[in-house]
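Readers should treat all values here as calculations from the given coordinates under stated rules, not as data from a laboratory. Nothing here was measured: the structure is a model prediction, and the numbers come from that model. Here the Cβ positions follow ideal geometry from the backbone for every residue, glycine too, while neighbour counts run over all protein chains shown.
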């Protein structure tokens, strides 16, 4: 559903895939936490007229929570109007909502490779 919404340029559909308390850490960006910040981050992908291909490689489910590991290929136009291609391995945690939908709780598009331990500690804002 993520690929379909992004490729259609539908920010609202993308944002609806995330829980209200979601955390999104895109590479070279400020972590986004909560609906408004996550929506703003996703709007940046849509504004870049991005296209994505996703393949989920592993799923580990425990009750209403699941860990996903996937591979993706991302393509967009650069500032110089040349196509920019990137790829990576993502880690996501999804949680089933009371209405039965599965929503992203934690989205790490570049997996843990983008973090060092100090950065992980810095983004942990739990009470």
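Tabulated values for the structure
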{"item": "Ascending count of other beta-carbon atoms within 10 Å, so fewest first, for 61, 76", "result": "61, 76"}
{"item": "Which labelled figure in [x] 1.18; [y] 1.04; [z] 1.67 is Cα Rg over 2.2 N^0.38 Å, once derived from the coordinates", "result": "[y]"}
{"item": "Potential extension, residue 86-residue 10 segment - 0.36 nm per residue separation minus Cα distance", "result": "25.3 nm"}
{"item": "Theoretical ellipticity at 222 nm over the chain - DSSP helices of four or more residues, -39500 (n - 2.57) apiece, nearest 500", "result": "-7000 deg cm²/dmol"}
{"item": "Computed lengthening from residue 62 to residue 97, 0.36 nm per intervening residue step minus Cα-Cα distance", "result": "11.2 nm"}
{"item": "Helix 35-47 axis, angle to the chain major axis (alpha carbon atoms, nearest 10°)", "result": "20"}
{"item": "Spin-label model distance (nm) - residue 73 vs residue 55, 7 Å beyond Cα toward Cβ", "result": "0.9"}
{"item": "Residue list for segment 1-23, given a label point 7 angstrom along the Cα-to-Cβ vector of residue 33 and an amide N cut-off under 19 Å", "result": "18-23"}
